Amino acid sequence: MSDTTLSDMTLPFADLERVYEHLAETLDALPESQERLFLAQLALALAHRTGDVARVMAAIEEARRGIADVSA
């Protein structure tokens, strides 16, 4: 991987909002029975584009902790 830092590779908040909105609209358009499959396919597509297994594993853990925080 290049010398790009983690902060150089994050989305600005406005772009993150756009992604969230598009993701929410996409999920709303899917049958509930397909949501998990879609999210798994999306995660794998993004992981493939990331090209760094440590960053992908860290993102999985970040998402898991986020769910645990909401459930607590």
- Item | Hits in segment 37-53 (condition: more than 13 Å from the chain's Cα centre (by Cα) and of a type outside the set (V, I, T)) | L37, G51, D52
- Task: Confirm whether A29 is open to solvent by less than 70 Å² (accessible area, probe 1.4 Å) and at pLDDT 95 or above.
- Result: no
- Identity of the residue in segment 59-69, more than 11 Å from the chain's Cα centre (by Cα) and open to solvent by less than 60 Å² (accessible area, probe 1.4 Å), that ends up modelled with the lowest pLDDT: A68
- Task: Considering (1) of a type outside the set (A, V, I, L, M); (2) modelled with pLDDT of 95 or more; (3) open to solvent by 100 Å² or more (accessible area, probe 1.4 Å), say which one Q34 fails and leave the rest.
- Result: (3)
- Of all residues in segment 37-56, how many are of a type in the set (D, E, K, R) and open to solvent by less than 50 Å² (accessible area, probe 1.4 Å)? 1
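The values are calculated or read from the model by the stated rules, or taken from the named source; none is laboratory data. Here the structure is a predicted model, which is why all the values come from computation and not from measurement. Side chains included, ligands, DNA and RNA excluded: accessible areas come from the protein's heavy atoms. Shrake-Rupley method; radii C 1.70, N 1.55, O 1.52, S 1.80 Å.
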